[in-house]
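I have placed the structure first, in the form of structure tokens, so that the comments after it can refer back to it.
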Amino acid sequence: MRHRKKGKILDRKVGPRKALIKNLATSLIIYEKIKTTEAKAKVLRSFVERLITKGKVNNLQSRREILRRLFSENAVRKILDELGPRYKDRAGGYTRIIKIGKRKGDGGEIAQVELV
């Protein structure tokens, strides 16, 4: 049974899965728009929205918490300096997932994730 099991496995072990999510989140924050599969996009959405919510408060504690979850100092700086103030009055829903279609090679569902 899968009672109280949260999150998707994405056909990876724990370490590579965490690295994948961190890389996708860093790319989304820096470029504000990326293309990936639908399953990865859905996992990425909750991860990034939590980071942006933490970034609304620009202090040392939130900087350390965000830096713990991302690889790049540039992404942390962008969350605290640009995205936090931009979404100050918004209560959530910072990302948008747009379904694009199927990938030519294997037919995987592709989606575009962007910041609203």
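The values are calculated or read from the model by the stated rules, or taken from the named source; none is laboratory data. Computed from a prediction, not measured in an experiment: that's the story for all the values here. When we count neighbours, we look across all protein chains shown, and the Cβ atoms used for this are built from the backbone with ideal geometry, even at glycine. When the accessible area is computed, the model is the full protein with side chains, heavy atoms only, and any ligands, DNA or RNA have been set aside. Shrake-Rupley method; radii C 1.70, N 1.55, O 1.52, S 1.80 Å.
Toward the positive end of the charge dipole of the chain, about the Cα centre and with charges on Cβ (Lys, Arg +1; Asp, Glu -1), which of 79, 58, 21 goes farthest?
21
Accessible area per residue for the chain in Å², computed with a 1.4 Å probe and the full protein assembly in place, what is it?
So the chain comes to 66 Å² accessible per residue, rounded to a whole number.
Just to verify a number: what accessible area does residue 103 come out at with the full protein assembly present, 1.4 Å probe, Å² rounded to tens?
100 Å²
Which residue, 60, 20, 44, tops the fluctuation ranking in a GNM of the chain built on C-alpha contacts under 10 Å?
Evaluated over the chain, the most mobile residue of the options is 60.
Only helices at least 18 Å long along their own axis, judged from Cα atoms, and with Kyte-Doolittle mean hydropathy of 0.0 or greater: name those in the chain from DSSP H.
14-31
For the chain, modelled as a Gaussian network with Cα springs under 10 Å, which listed residue fluctuates most, 78, 35, 102?
The residue with the greatest mean-square fluctuation here is 102.
Place a label point 7 angstrom from the Cα of residue 99 along the Cα-to-Cβ direction, then list the residues of the range 6-44 whose backbone nitrogen is under 19 Å away.
Flagged as within label range: 34-44.
Along Cα→Cβ, 7 Å out, is where each label goes; now give me the distance between the ones at residue 88 and residue 9 in nm to one decimal.
Distance between label points: 4.5 nm.
What percent do you get for the relative contact order of the chain when only Cα pairs under 8 Å and 6+ apart count?
RCO, the chain: 31 percent.
Using a Gaussian network model on the chain with a 10 Å cutoff between Cα atoms, which of 38, 49, 73 fluctuates the most?
For the chain, modelled as a Gaussian network with Cα springs under 10 Å, the answer is 73.
Run the accessible area of the chain with a 1.4 Å probe and give the carbon-and-sulfur part as a rounded percent.
51 percent
Based on alpha-carbon atoms only, what is the radius of gyration of the chain relative to the globular estimate 2.2 N^0.38 Å?
1.10
Quick one: which of 40/99; 54/78; 22/42; 5/42; 22/56 span more than 18 angstrom between C-alpha atoms?
22/56
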